[in-house]
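Quick note: the coordinates plus some simple rules give every number you see, no bench work behind them. Note that the structure is a prediction, hence the values are computed from the model and not measured. Cβ placement follows ideal geometry from the backbone for every residue including glycine, while neighbour counts extend to all protein chains displayed.
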Amino acid sequence: MTLHIEEIEVAEYEKVLYAEDLSVGLSCYIAIHSTALGPAVGGIRIFPYTTKEAALEDALRLSKMMTYKSALAECGFGGGKSVIILDPRLKTDALLKRFAEIVHSLGGKYFCAEDSGCSPQDVVTIREVTPYVLGLSGNPSPYTAWGTMRAMQAVMEYMDGSDSLEGKTIAIQGVGAVGGYLTELLFWQGAKLIVSDMHKERSLEMKRRFGAVEVSLDEITQVNCDILAPCAMGGVFHAKNIDLCKCRAIVGCANNQLLTPDDAYRLKKKGIVYAPDFVVNAGGVVNVQMEMDTAEYHPMRARANVDKIYKRLLSVFHIADTNGYTTDFAAIQLAKHRLRYGIGKRVEAVSV
């Protein structure tokens, strides 16, 4: 056996593991932030990080946000995340199954799922080794996209008193798994679309199918628009580019869109409405919740639960306005309150 597992002590995290098996090309981190409300749930991100330190930092940030996301969604989950350091084009069944062995060794403390670089078929492969995997009901991207669109409607209601997206200009950064679905939903809502993607063929496809205006990666965060939707990697907004933003609001499905907490204050000062990403992009985790909570998965129930993002976001805005908070701080404080008092804690055993 060439598998090596090392536990890393990180303050405020319940468990952090580094594991590698060079015989199958596996190098990964699994971070479990909290199981206070239920087993930790979080996707498997497969990405060619330039350093192990960058991979660990991403796993830690994403797992903490999963804790807050699950707490706000009241789905009886905790927060976790796994990252595999690899170009996803190079993944193999052998690598995925070895990773599954590590997940299985945690005994249900962490449930993994589909994420960037990890497809629905990949989770089926992982399920051959361990039952501690979610997302078998199908691709969760449409649910995340639907929740993001509902969040956009809530933001328009908050800003203009009407949640209509017709005629609104929406710029989408990243039109892959979720961003592509979102672009189509917004087209049918009558929005004017601006798109950009690191894979140019994707943005050109959106231009052909939906009449979207295609711009470069550098331009997308600086275009005039009603809503800017980051739907790719995190760390999009920071001290160097926020002053250049010309949007009225930021509502996207990418995780960890702010590079630092101070960036929420910068956006507030500039008058840009920020919809916290871990409120907006909860559609996927709400959908997979249904796999654990019902004898038979039903997509209509999943859709109805995702719809609650609309009112949840308006509640966050109300808390922020009432207390003079940034929206990001308001959402985090609400999540911490639910964690502290066990609101939404899972009471039934998880079936696997």
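Kirkwood radius for region 4-127, taken over all pairs of different Cα atoms as the inverse mean of 1/r, rounds to 14.1 Å. Size of region 14-65: Rg and Dmax of its alpha carbons, in Å, are 11.7, 37.
Multiplying the residue separation of Arg208 and Lys311 by 0.36 nm and subtracting their alpha-carbon distance yields 33.7 nm. Summary value for the chain: 16 percent relative contact order, contacts being C-alpha pairs under 8 angstrom separated by 6+ residues. Over the Cα atoms of the chain, each weighted equally, I'd like the Debye log10 I(q)/I(0) at q = 0.07, 0.10, 0.14 Å⁻¹, rounded to two decimals. The computed values of log10 I(q)/I(0) come out as -0.27, -0.57, -1.15. Placing a pseudo-label 7 Å from each Cα along the Cα-to-Cβ vector at Glu157 and Ala54 gives an inter-label distance of 4.0 nm.
Over the residues of the chain, the helix contribution to mean residue ellipticity at 222 nm works out to -13000 deg cm²/dmol, using -39500 (n - 2.57) for each DSSP H run of at least 4.
Each label was represented as a point 7 Å from its Cα along the Cα-to-Cβ direction; for Tyr265 and Ala11 these points are 2.0 nm apart.
With 27 Å as the limit on Cα-Cα distance, the pairs of Lys15/Lys97; Lys81/Lys192; Lys91/Lys192; Lys52/Lys345; Lys81/Lys345 that go past it are Lys81/Lys192; Lys91/Lys192; Lys52/Lys345.
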